[in-house]
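A short reminder: the numbers here are calculations on the coordinates, not readings from a lab. Computed from a predicted model, the values in this text were never measured in an experiment. Reconstructed Cβ throughout: ideal geometry from the backbone, glycine too, with neighbour counts over all protein chains shown.
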Amino acid sequence: MRKIFQTQRLETVEGVAELLNSHGIQTKITDGRSYRGNHRHDFSYVHPERAPMPAVWVIRADDQPHARRLLREAGLMDSERSVSSYLPQTSRDPIIPAGGERPGGKWALRIRIILLAAIAAMAAVMMLGIFG
């Protein structure tokens with residue numbers, strides 16, 4: 001048995017289980033409701049609870065790749081490729097072009113230098129006012 005999907009929202013977990021079951025994949029829901037009531041639990045993504053979240057488990061491990069593909073096609077799961085890598089962040093940042101420089105990097109550097117010069121000029125004026 002493999003956990004395939006987990007979220008605070010029980011209705012979403014039940015919908016995922018129904019989607020997988022309709023494609024012939026046997027599932028089990030853990031930490032769900034034990035009855036079919038209309039009670040809807042209020043939840044918050046900002047303040048998550050410490051209680052266990054409802055999850056969908058695939059009974060047969062052989063069905064897991066098919067289940068993951070279905071969830072990706074439905075937009076419920078990101079690609080299974082991990083963003084963790086042994087390479088430094090700058091080497092694997094897709095926004096940085098091949099030259100290694102960020103777009104707008106020159107402008108940001110120019111603005112920083114201008115601000116630093118303005119601060120230095122204000123400090124010089126203040127020092128002249130104190131000692132002059």
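The distance between label points at Ala121 and Asp31 comes to 5.8 nm (points 7 Å beyond Cα on the Cα→Cβ vector). Amide H to amide H distances under 5 Å link Ile4 with Val56, Trp57, Val58, where only residues 5 or more positions off or on other chains count and H is placed in the peptide plane.
Taking amide H positions as modeled 1.01 Å from N, with prolines and chain starts lacking one, the residues under 5 Å from Gln26 and 5 or more places away or on another chain are Ile59, Arg60.
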